[in-house]
1. Once every DSSP H run of n ≥ 4 in the chain is given -39500 (n - 2.57) and the sum is divided by its residues, what mean residue ellipticity at 222 nm do you get, rounded to the nearest 500 deg cm²/dmol?
2. Below 8 Å between Cα atoms, with a sequence gap of 6+, how large is the relative contact order for region 1-117 in percent?
3. At 1.4 Å probe size, with the rest of the protein present, what percent of the exposed accessible area of the chain is carbon and sulfur atoms?
4. Give me a comma-separated list of calculated 3J(HN,Hα) values for region 79-92, in order, Karplus coefficients 6.51, -1.76, 1.60 applied at θ = phi - 60°, integers in Hz, x for any Gly or Pro.
5. Express the accessible area of region 3-134 per residue in Å², computed with a 1.4 Å probe while the remaining protein chains stay in the model.
6. Give K5/K97; K43/K97; K19/K60 a once-over and call out the pairs whose C-alpha atoms are over 20 Å from each other.
7. Suppose every K and R has +1 on its Cβ and every D and E has -1 on its Cβ; what is the size of the dipole of region 17-112 about the Cα centre, in Debye to the nearest 20?
8. Calculate, in nm to one decimal, what K60 and L133 gain on full extension: separation in residues at 0.36 nm each, minus their alpha carbon distance.
Amino acid sequence: IDISKDEWVDRGIIDVPVKDLPAPDDVNSPDDFHHHISWDDAKTASEQLPGIQADVNAGKTAEDFSREDENNGLDWKSGNRRIYDLYYGNDPVVVDKDGNDYTIVSGRHRIFIAKELGLETIPAKVIEKVSILD
């Protein structure tokens, strides 16, 4: 007899359709941006995200962004490496995926602003529930 069991699989950081993500709890307006990043900083970074995603999908690495920033005379706060780190660094947006349903684990503010700006996709670490035959 084949028995199916559920297991959670880390899919890594992939582009997730923003429209498929739930509205984040506790983040309802720009006034809710008061801990790690201001509304203005988050908005500026998020507006530049599609270009960063295209570069990452074309193979650009964190070091490439750092080198570019240095060549352009930009410090970390003003450069593209900061935006890369916001989404691909050691504190990415994290979501659980069960079928077609997503649950936000972390990154509520980044998801909120992506929805506000009408972004198509956002990079997120996806942990997906899959059924495995045993």
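1. -11000 deg cm²/dmol
2. 36
3. Accessible surface attributable to carbon and sulfur in the chain totals 45 percent.
4. x, 6, 4, 4, 5, 4, 4, 4, 10, 10, x, 7, 9, x
5. 58
6. K43/K97; K19/K60
7. So the dipole magnitude of region 17-112 works out to roughly 160 debye.
8. Gain on stretching K60 to L133: 22.5 nm.
The values are calculated or read from the model by the stated rules, or taken from the named source; none is laboratory data. Note that the structure is predicted; figures quoted are calculated from it, not measured. Methodologically, a virtual Cβ is constructed for each residue, glycine included, from the backbone with ideal geometry; neighbour enumeration extends over all protein chains shown. SASA here: full protein model, heavy atoms, side chains in, ligands and nucleic acids out. Shrake-Rupley method; radii C 1.70, N 1.55, O 1.52, S 1.80 Å.
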